[in-house]
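What follows is one structure encoded as structure tokens, with my remarks underneath.
The values are calculated or read from the model by the stated rules, or taken from the named source; none is laboratory data. Everything numeric here is computed off the predicted structure, so don't read it as measured data. Note that we place each Cβ from the backbone using ideal geometry, even for glycine, and neighbour counts take in every protein chain shown. Surface areas here come from the heavy atoms of the whole protein model, side chains and all, with no ligands, DNA or RNA. Shrake-Rupley method; radii C 1.70, N 1.55, O 1.52, S 1.80 Å.
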Amino acid sequence: MTLNAAAAKDLYKQLNKDGFTETALKGDFKNCNEQIYTQPDTEKQLDLLVGTAAVDAWYAGNADYDYEAGKASGAGDEAKAKLFTQVVWKNTDTVAFGIKDRKVYAWYCDKGNEGSEDDYKKNVGEPCVATGKKANSCMNEAYLEKVNAKRALHGSPDLLEDSVAAEKIQTAMNADTFENDPTKVAPEDGCAQVVFTYPLQSAQSEHVLMTEPNTAVDKWYAGSTYYDFAKGAVKYAEGATDAEKTQ
């Protein structure tokens with residue numbers, strides 16, 4: 001999905017028009033869907049600016065969606081489920097966002113959430129899950145995106161996924177002899193290996209490990225506190241290996 005600059009411009013004009021009351025999908029944007037998130041008073045205004053609160057709230061509707069049935073689950077909230085399905089709808093190509101007071105507006109073009117249950121099944125894929133003895137490509141993509149976001153803060157170029165290495169890592173970890181021992185996963189020559197172990201209370205399911213890279217990458221990135229940027233050297237030896245501090 002990419003930014004729809006024209007829709008963003010139109011949305012901005014509407015939100016900043018004198019006497020604004022509500023937005024209208026018109027003209028070139030009639031074939032868009034609108035979602036609105038109202039921020040609770042308990043949240044900081046900054047959360048609106050980075051968009052995490054709104055997107056997380058819309059995505060939370062996945063708990064109300066039945067992937068196999070292609071509709072809201074029996075006990076689920078259909079309205080919440082449709083907020084989620086529009087966020088991930090495959091045939092929606094562009095999106096625009098706007099902020100007014102404590103509300104976030106999103107226009108999705110072309111609109112999703114239309115058609116039969118089969119259309120929903122085609123456009124709303126299941127999240128990353130374990131894939132037996134094969135490396136999980138979407139899991140690798142999720143972690144790669146998070147790592148590259150940290151690298152961008154320091155002007156480092158994006159890393160690329162090494163699918164061959166990923167396959168070797170996953171094969172080694174799925175072997176009967178692995179026994180949860182990271183030392184049995186030998187990195188390729190010229191490669192470095194860093195390992196993060198999720199706390200027991202965090203590893204509720206494999207889904208968490210597959211789709212939520214923030215905890216692991218943030219832990220690795222926290223090693224920046226051990227590094228002296230001016231000297232180009234580790235400040236002190238306690239708390240992390242040299243590789244974890246800078247890798």
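Can you list which of the trypsin sites (Lys or Arg not before Pro) found in segment 1-55 are DSSP loop residues with at most 16 other C-beta atoms within 10 Å?
On the way: sites: 9, 13, 17, 26, 30, 44; in loops: 17, 26, 30, 44.
Taking segment 1-55 and a limit of 16 other Cβ atoms within 10 Å, the loop trypsin sites (Lys or Arg not before Pro) found are 17, 26, 30, 44.
Between residue 91 and residue 233, how high is the FRET efficiency from 1/(1 + (r/R0)^6) when r is the Cβ-Cβ distance and R₀ = 51 Å? Nearest 0.05.
0.50
Subtracting the Cα-Cα distance from 0.36 nm times the residue separation, let me have the gained length for residue 219 to residue 122 in nm, one decimal.
That pair, residue 219 and residue 122, stretches by 31.3 nm at full extension.
Once you have a ≥ b ≥ c as the square roots of the Cα gyration tensor eigenvalues for segment 17-89, tell me rounded if a/c is under 1.5, and otherwise prolate or oblate according to whether a/b is larger than b/c.
Working: a/c = 2.47, a/b = 1.33, b/c = 1.86.
Here segment 17-89 falls in the oblate category.
Is the C-alpha gyration tensor of segment 45-122 telling us rounded, prolate or oblate? Criteria: a/c under 1.5 is rounded; beyond that, a/b larger than b/c is prolate, otherwise oblate.
oblate
How high is the FRET efficiency between residue 194 and residue 63 when r is their beta carbon distance and R₀ equals 51 Å, given to the nearest 0.05?
0.95
Once fully extended, how much extra length lies between residue 20 and residue 180, figured as 0.36 nm per residue of separation less the alpha-carbon to alpha-carbon distance?
Extending this stretch completely gives an extra 51.8 nm.
Counting other C-beta atoms within 10 Å, and keeping those with at most 14, which DSSP coil GluC sites (Glu not before Pro) do you find in segment 18-99?
22, 43, 68
Per residue, how much accessible area does segment 1-110 have with a 1.4 Å probe, in Å²?
Numbers: 6550 Å² over 110 residues.
Accessible surface, normalised per residue, equals 60 Å².
Roughly how many percent of the accessible protein surface of segment 1-129 is carbon and sulfur, given a 1.4 Å probe and a whole-percent answer? Let's see the in-between values first.
On the way: 3730 of 7650 Å².
Roughly 49 percent of what the probe reaches on segment 1-129 is carbon or sulfur.
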